[in-house]
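The values are calculated or read from the model by the stated rules, or taken from the named source; none is laboratory data. The structure presented is a predicted model; accordingly, all values stated were derived computationally and were not measured. Note that each Cβ is placed from the backbone with ideal geometry, even for glycine, and that neighbours are counted across all protein chains shown. When the accessible area is computed, the model is the full protein with side chains, heavy atoms only, and any ligands, DNA or RNA have been set aside. Shrake-Rupley method; radii C 1.70, N 1.55, O 1.52, S 1.80 Å.
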Amino acid sequence: MEIVQVENLSKVFDKEIVAVDNISFHVKEGEIFGFLGPNGAGKTTTIKVLTTLLQPTNGQVNIATFDVRKKPDSVRRSIGIVPQALTLDDDLKGMTNLLLSAKLYRVPDKIAKERADELLKLVGLKDAAERDVSTYSGGMRKRLELIIGLIHNPKVLFLDEPTLGLDIQTRSVIWDYLKKLNKENGLTIFITTHYLEEADLLCDRIAIIDQGKILVEDTPSNLKQKLGGDMIEISVDDNVKAKELISELNSVEKIDTVGQKLRIKTNKGDEVLPLILEICKANKINVKTVALSKPSLDEVFLEYTGRSLRDTGTGFSDKAAMQRLWKAR
Amino acid sequence: MIIETWVLVKRELEKWYKVPALIFSALIQPVVWIALFGNSFNPTKIISFENLTFSENMPPEVVMGIKEFFANSSNLILEQTFQGAPNYLTYLTGGVLSTLILFSSAFSGSSVIWDRRFGFLDKLLVAPIPRSSIYYAKVFSTVIKALIQCSLVFIIASLIPGGLVLAKLNITIIVVVFVSLFMLATGFACLFTAMALRMRKWETLIAVANLVNLPLLFASGALFPISFMPDWLQTIARVNPITYSADLTRTLFITGEITSNVIFDFQVLAGFSISLMILGSFVARYYGFKE
């Protein structure tokens, strides 16, 4: 069953700022779906439309069979949300925050208490439950935020950049929880991120979004496959001779001279590399450096957007991005 | 709707009573009005001259008469101008309770702005609860806080030497006073919370509150009878709900009787609170939480 259905969704602010431009995608039940893109790509706007915080300008969005426009309350009951910005009440205890949310979702008191204990244990906040949230660290807040999104047992969990600004340890801890929840409870997870490794590690399928448009949608391994295999870079003292010899190898697809180096494209980097070294040695060619790189989502992203995710300039007008951020508050 | 509102009201109150300093700092202002303003600007003392000198030519009966007049002046003023109150502080307390309601309601919207800033509002907006429950939770938590503060001020005013003296103390008087203060608080809280719903900055709220607080206080019968005022100000005071709440409260304190005046004041306050509640619910529903 497709639990999230998005058809031709557009969101325009102030009649001119197009934040989301006619996108369509589906998320199946029990799937982890990743929405990947740079800052200002339209990820948060999309998630806000999907979670009924913003009205779509155009298009059809159904969550757990309910139309976000016609049945917002039914949608709200079916989903859990871990927003990008923290939404905890600092002046209340962790447990109070959790139970407050449970009450708003009409979870019966007894069940709420049991679930709260269970979830607090899951994310290791049991001992901190009776402390005010203002004493929590960034990682603890995020973990509390995560289980608040789960207290009413939602069908879909929406996470907007859940590990933004967290250290690598906390990040991997959160990834573990998410995987566990997905595997053991069959929870459908919709996650936006601009960390490629996060998408690679967690997601069953990924959509890359940039400037409001979906550029590509597939599984991480398929996306990497499409880039066509591994890359070997070597620098030797005799480029011409080496190039000639290496190009005779069976599994080498392509060989180019880039500056002082040779760039070899192949499907079986692990196997080809030792062969290359052997040939060079046999022909008395001196190998100075060697590097093998497997395709990463970083390269996938580069391939489709024409720029790296880590570039600070997104190519998108900063003003528009700022306005969108402001609007989205 | 009622359940969600109550859950959210409890949240506000829990945050409030965890910080006793907040409760007491809000009490300082009304107590200052009573203890400092009420004592030093006491109008009954202004005309009580004690060391008057008279020319020797004056007949002693006249001197006696004048001295007697001034000795009796404060009672006369209380009787003529201050509805026969036992002292000025009794007259003032009714007004100060209404002022306290105004001042605490004026800032009722601040927590909406904080919730928006800290993202908590987003959590409420994605929860399956009616939008108006968010609004009414802010309104009624403000009302409850204001009424608790009113009770404390009422007790303090009664304990101050020369302070509040009630003609009668019975359950009817207390209930009527608190119901009317409740209505005044509901009206103001609805108004100010509705104004804050779309505000993004705390500074705007402070500016608005400062802009209306003192004018509303002075253009009312809270401190002095409105007959002291020039005509144009009397007109303003007559549409100011504080005038009616102050009048109702002090009449009950001074006479202990539910007069026709009290009934009229009560009706005005009921109209004020009901109309603003209706207005507020429209604002919350159709305007306040839209993107």
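Assorted remarks:
- Loop-located GluC sites (Glu not before Pro) in the range A:54-156 (DSSP state other than H, G, I, E, B) with a sparse environment of at most 12 neighbouring Cβ atoms within 10 Å: A:GLU130.
- Most mobile listed residue (A:THR51, A:THR193, A:THR289) in chain A, GNM with C-alpha springs under 10 Å: A:THR289
- Selected from B:PRO230, B:PRO60, B:PRO130 as most flexible by GNM, with chain B as the system and alpha-carbon contacts under 10 Å: B:PRO60
- 3J(HN,Hα) couplings calculated from phi for the range B:253-259 with the Karplus curve 6.51 cos²θ - 1.76 cosθ + 1.60 (θ = phi - 60°) are, in sequence order, 5, 7, 9, x, 10, 8, 8 Hz; Gly and Pro show x.
- For the protein assembly as shown, diffusion coefficient by Stokes-Einstein and Kirkwood Rh (Cα), 4 °C, 1.567 mPa s, µm²/s: 44
- Probe 1.4 Å, protein heavy atoms only - accessible area per residue of the protein assembly as shown in square angstrom: 47
- The range A:38-102: C-alpha gyration tensor shape, a/c 1.5 cut-off, then a/b vs b/c: oblate
- Ligands, DNA and RNA aside, A:ARG263 has an accessible area near 90 Å² when probed at 1.4 Å.
- Over the C-alpha atoms of the range A:149-291, the Rg to Rh ratio, Rh being the Kirkwood estimate, stands at 1.17.
- Listed cross-link partners A:LYS126/B:LYS201; A:LYS43/A:LYS93; A:LYS110/B:LYS138; A:LYS254/A:LYS284; A:LYS179/B:LYS10; A:LYS43/A:LYS126 are compared with a 25 Å cut-off, the Cα-Cα value being larger for A:LYS126/B:LYS201; A:LYS43/A:LYS93; A:LYS110/B:LYS138; A:LYS179/B:LYS10; A:LYS43/A:LYS126.
- As an equivalent ellipsoid, the range A:77-213 spans semi-axes of 25, 17, 14 angstrom, where each value is the square root of five times an eigenvalue of the C-alpha gyration tensor, largest first.
- A Förster radius of 56 Å, combined with the Cβ-Cβ distance separating B:VAL212 from B:MET58, puts the computed FRET efficiency at roughly 0.60.
- Members of the range A:101-118 that become less accessible by 10 Å² or more once partner protein chains are added (1.4 angstrom probe, chain alone as reference): A:SER101, A:LYS103, A:LEU104, A:TYR105, A:ARG106
- For the range B:119-151, residues shielded by at least 50 square angstrom of accessible area compared with the chain on its own, probe 1.4 Å: B:PHE120, B:ASP122, B:LYS123, B:VAL126, B:PRO128
- Shielding of peptide A:81-94 by partners, expressed as the average count of other chain Cβ atoms within 10 Å per residue Cβ, is 4.
- Accessible area that becomes buried as A packs against B, both chains, 1.4 Å probe, Å², nearest 100: 2500
- Among A:MET140, A:MET95, A:MET231: highest mean-square fluctuation, GNM of chain A, C-alpha pairs under 10 Å: A:MET231
- For chain B, the fraction of 1.4 Å probe accessible surface lying on carbon and sulfur atoms is 69 percent.
- Anchor A:LYS224: aspartates and glutamates whose Cα lies under 14 Å away (excluding residues fewer than 8 positions away in-chain): A:GLU197, A:ASP200, A:ASP204, A:ASP298, A:GLU299, A:GLU303
- Complex-versus-alone comparison for the range B:10-47, residues with a loss of 50 Å² or more in accessible area, probe 1.4 Å: B:LYS15, B:LYS18
- Surface share of carbon and sulfur [accessible, 1.4 angstrom probe, percent] for chain A: 48
- Average Cα contact separation per residue, the range A:1-122, under 8 Å, 6 or more apart, as relative contact order %: 21
- Degrees, to the nearest 10: B:260-283 long Cα axis against longest axis of chain B: 20
- Local charge for A:ASN182 was computed over the other residues whose Cβ lies under 10 Å away, with Lys and Arg +1 and Asp and Glu -1, and equals 0.
- Of the DSSP H helices in chain A, those whose Cα atoms cover at least 24 Å axially and whose Kyte score averages -1.0 or more: A:168-185
- Annotation for the range B:1-100: GluC sites (Glu not before Pro) lying in DSSP loop with at most 16 further Cβ atoms inside 10 Å of their Cβ are B:GLU50, B:GLU56.
- Low-density loop cleavage sites - trypsin sites (Lys or Arg not before Pro) in the range B:190-291, where at most 13 other Cβ are within 10 Å (DSSP): B:ARG200, B:LYS201, B:LYS290
- 222 nm mean residue ellipticity, helices alone, for the protein assembly as shown (DSSP H n ≥ 4; -39,500 (n - 2.57); rounded to 500): -17000 deg cm²/dmol
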